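Here is the structure we will look at.
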Amino acid sequence: MKKNFIKRTALALSVLLLTGAAMPAAAAIEAPVRDSIAVEKIDFDNPDFIRGMDISSVISLENAGVRFKNEAGQTEDIFKILADNGVNYIRVRIWNNPYDANGNGYGGGNNDLEKAKQIGRRAAEHGMKLLVDFHYSDFWADPAKQKEPKSWVGMTLAQKKEALYAYTYDSLLELKDAGAAIGMVQIGNEITSGIAGAFQNTDRAALLQTGASAVRAFDRNVRIAMHFTNPENTGAMKWFADFLAQNKIDYDVFATSYYPCWHGSLTNLTEVLSYAADKYGKYAMVAETSYPYTLEDTDGHSNTISQWNNNSGDNMCWDFSVQGQADEVRAVMNAVNNVSGGKGLGMFYWEGAWITVGDITGKTGSAWTRQYNANKTLWEQYGCGWASSYSAEYDPDDAGRYYGGSAVDNQAFFDAKGRALTSLHVFKHVLTGSVVSDALQGDVNLDGAVNIRDATSMQRALAQYETLSPEQRMAADTNGDGSVKVEDATALQRKIAEFPDE
Ligand code: CA
């Protein structure tokens, strides 16, 4: 008897809803998806917001035997795994000649042009554009190091300009011929202190403009990025934006690294990026960021963020977990999206796949030593650690002394066995939102039962008499298509009334 009553009520509601004459317009309500990580949706100003990742070391890892797996544990092309999870842009660093005279690689992925061609082609095959990150060096360029390539040593500024122009233009041409979809080019990497061995302002400006001219000559549709770091130095960052303008450097994107352990608050990040956007009309971007999903080390080479130093930053406010890693990515994307004037272009996660070549987890004593030595052999042979011993000739004081494995294996989106972590979903979930919930599908009022009250809640929400929480909207999205519509209400009513499917 009760069932009949419900059936009649549901029918009456159906008729009311389907005719709809007396109801206010029933708009579709966006619904988050259900997952084991929660991600708050971002309303992006820029529909093509870059959700990118740098995986420069990936070829060297594959050569050393690493296999990447999807979440189901099946070996799959990592480019497919990334694309399937919403990554839409790949970044790759290029060193002119990261090898010694005998052909031994300096490590750090041995990222020469040949590696970049492979990465660019595979990215394009999976619908992803390429950000080309020229270091104009034979190894790591960062605030502490901006050493020119071996073959440029002793050049005058004029000669260096000529070499830089030719290298930029020719490399881009080769990348294009290899099948890469080049969308953006960085003139130098973290050029806060200098570029390619040039540290005087006039020399720096001349080389930056030379690189920019080469990119413009290659393809005017390719965006040019200037990449700085230490955004916590707010005044210095603004000075760089002014410096580029005063020297009439032709570029499109003002970019910075953002590592929350060292680089200040997200509010400050938005502020420094907005300065270049507001004052000079530039796009703004985070070119590198990362965050640990664990404080454990898995390859025997100590990590930049570990249990020993994880409190050193003033903005390490997320858990060191899969959820925390996703939270950081979402927060940084949001900070970029908050750049004024809709000029926030996107974000690249740095080395999201630099995992161990051999898992030391749980090993002790001689078993640990054996695994560590095996890893060390691979780092030396394939250049898949951050630096090899062969780098000593080029960088004797740092890489030549402290060479070894990955210092960021705990910040990857793949575990020590190469399997994708759930945190990777953040790259797509920022578009829809996701909730962690054990609610029944259809239990819109979250009282543990699916009944006519849920259908009523849904109709009230569609008629804009009631606002549903993200979890309620997920439960109301009965067909899981990302929005709550009249069809969902009808489907729920049919289910309640035990109507057969049509
Ligand atoms: Ca490590």
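The values are calculated or read from the model by the stated rules, or taken from the named source; none is laboratory data. Everything quoted here is computed from the prediction, not taken from an experiment. We place every Cβ from the backbone using ideal geometry, glycine too, and count neighbours over all the protein chains shown. The area values use the complete protein model at the heavy-atom level, side chains included, leaving out ligands, DNA and RNA. Shrake-Rupley method; radii C 1.70, N 1.55, O 1.52, S 1.80 Å.
Checking the conditions here, which among 289, 270, 229 is surrounded by fewer than 23 Cβ atoms within 10 Å (Cβ to Cβ), within 20 Å of the chain's Cα centre (by Cα) and in contact (Cβ under 8 Å) with a residue 60 or more places away in the chain? Before you say what the answer is, go through the steps one by one.
On the way: 289 fails: surrounded by fewer than 23 Cβ atoms within 10 Å (Cβ to Cβ); 229 fails: surrounded by fewer than 23 Cβ atoms within 10 Å (Cβ to Cβ).
Only one candidate qualifies: 270.
Are any of the residues in the range 301-313 within 13 Å of the ligand (Cβ to nearest atom), of a type in the set (A, V, I, L, M, F, W, C) and buried (at least 22 other Cβ atoms within 10 Å of the Cβ)?
yes
Just to verify a result, which residue in the range 314-344, among those that are part of a loop (DSSP other than H, G, I, E, B) and open to solvent by 40 Å² or more (accessible area, probe 1.4 Å), is farthest from the ligand (Cβ to nearest atom)?
The initial filter retains those residues of the range 314-344 that are part of a loop (DSSP other than H, G, I, E, B), namely 314-321, 338-339, 343.
Filter once more, keeping what is open to solvent by 40 Å² or more (accessible area, probe 1.4 Å): 314, 317, 319-320, 338, 343.
On the way: 314: 24, 317: 23, 319: 20, 320: 14, 338: 33, 343: 36 Å.
Across the range 314-344, the extreme among qualifying residues is 343.
Name the pairs whose Cβ atoms lie under 7 Å apart, with the first residue in the range 393-417 and closer than 17 Å to residue 301 by Cα and away from the ligand (no atom under 13 Å from the Cβ), the second hydroxyl-bearing (Ser, Thr, Tyr) and open to solvent by 50 Å² or more (accessible area, probe 1.4 Å), and 6 or more positions between them or separate chains?
none
Could you list, in sequence order, all residues of the range 236-294 that are of a type in the set (A, V, I, L, M) and not in a helix (DSSP H, G or I)?
Matches in the range 236-294: 249, 253, 255, 284, 285, 286, 287.
Those residues that are more than 19 Å from residue 212 (Cα to Cα) and either not in a loop (DSSP other than H, G, I, E, B) or not hydroxyl-bearing (Ser, Thr, Tyr) (or both), I need them from the range 153-165; list them, please. It would help to see each step written out before you state the result.
Narrowing the range 153-165 to residues more than 19 Å from residue 212 (Cα to Cα): 153-156.
Correct list: 153, 154, 155.
Would you pick out the residues in the range 273-300 that are polar (S, T, N, Q) and within 12 Å of the ligand (Cβ to nearest atom)?
294, 298
Quick check, is residue 111 at pLDDT 95 or above, in the same structural domain as residue 150 (by TED's automatic domain parsing) and either open to solvent by 50 Å² or more (accessible area, probe 1.4 Å) or farther than 28 Å from residue 423 by Cα (or both)? Before you say what the answer is, go through the steps one by one.
Values: at pLDDT 95 or above: yes; in the same structural domain as residue 150 (by TED's automatic domain parsing): yes; either open to solvent by 50 Å² or more (accessible area, probe 1.4 Å) or farther than 28 Å from residue 423 by Cα (or both): no.
Judged against the criteria, residue 111 is not a match.
Filter the range 353-376 down to residues that are among the hydroxyl-bearing types (Ser, Thr, Tyr) and under 30 Å from the mean Cα position of the chain (by Cα) and give me whichever is nearest to the ligand (Cβ to nearest atom).
Residues of the range 353-376 among the hydroxyl-bearing types (Ser, Thr, Tyr): 356, 361, 364, 366, 369, 372.
Remaining after also requiring under 30 Å from the mean Cα position of the chain (by Cα): 356, 361, 372.
Numbers: 356: 7, 361: 11, 372: 11 Å.
In this case the residue turns out to be 356.
Out of all the residues in the range 192-210, is one or more more than 28 Å from residue 150 (Cα to Cα), of a type in the set (A, V, I, L, M), open to solvent by less than 10 Å² (accessible area, probe 1.4 Å) and assigned by TED's automatic domain parsing to the domain that holds residue 125? Can you show your working first?
Step one: filter the range 192-210 for residues more than 28 Å from residue 150 (Cα to Cα), giving none.
Looking for residues that are more than 28 Å from residue 150 (Cα to Cα), of a type in the set (A, V, I, L, M), open to solvent by less than 10 Å² (accessible area, probe 1.4 Å) and assigned by TED's automatic domain parsing to the domain that holds residue 125, one finds none in the range 192-210, hence no.
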